[in-house]
Each structure stands twice: as structure tokens, then as C-alpha cells.
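Below is one structure, written out as C-alpha cells; comments come after it.
Throughout, read-outs are computed from the coordinates displayed, never taken from laboratory work. Note that the structure is a prediction, hence the values are computed from the model and not measured. Ideal geometry is used to build each Cβ from the backbone, glycine not excepted, and the neighbour counts take in all protein chains shown.
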Amino acid sequence: MGFLVVPLLFVHLPTPAMAGGMAAKLFAAQTWVSVVCGLLLLVLLKNDQNKPRDYASSAQAATIFIVSGLLLAFLPEYAVAPRIVDRENLRFWHSAGSAMYFLQWVCAALAFAKLTRSGQRIDRPEDF
């Protein structure tokens, strides 16, 4: 939603400072939603030890992307955002934050693909 909502904030709010403040709050909220979802997914994957081997290997591969996505959620919040607030090299840090946000979505898509692909390889319904 950030790629859609943030530009709308800058178009519809009276000042760039107000839009920037709202964007920061939006990204902070998204960080915590991402962290909670990622941790919940890791717990669910850890508890799926009775699944077939194909699923277990897919879950292990997905775990790499989930952990990477969690890291990509924290980095913009605690490494990039403070530099933007300090107005330090704005173009670079906005670009870095946008790239990390995009890569977080890539990690989520790859984790989803790994987990859904494992279900296609199961031949017997009782294995699923």
C-alpha cells in the first residue's frame, strides 16, 4: 500500500511536512504488521514438523525469505528513517528505503511461491 498511499499523501495534504509525517507513521505501522506476520509465519512453519519432506524443504527455503523480509522491515525503520528525519542526503536515503520496501515485497512473494509450490508436489491427499 505504501507505493500507492504515500504519493497520495503528498498530493492531498496541505504541506510536504504533513505528508512526510503521515508517511512515516504509515511505514512504522507497516513495519510492525510485517514483523508480527513474519514471526507468526515462522512459528507456524516450525510447528509443521509432521508434513511431507517436500513441504519441509520448501518451508526451509521459505524461511530464508521470511527472515530476509523481517530484516528488510527493520532496516528502513531503524537505519533509514532516522536519516530521512535528519534530512541527511534525502535522495539517497529515500531511494534506499524504497528499494528495501520493494525487496521486502519480493521476499514475501518468493516465500509465498515456495510454500504454495510445495503443495503442488504432493500426490496423495492424506500427505497434505
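Which shape class applies to the stretch 2-121: rounded if a/c is under 1.5, otherwise prolate when a/b exceeds b/c and oblate if not, where a ≥ b ≥ c are the square roots of the Cα gyration tensor eigenvalues?
The shape class here is prolate.
May I ask you to sort L110, L8 by Cβ crowding, counting other Cβ atoms within 10 Å and putting the fewest first?
L8, L110
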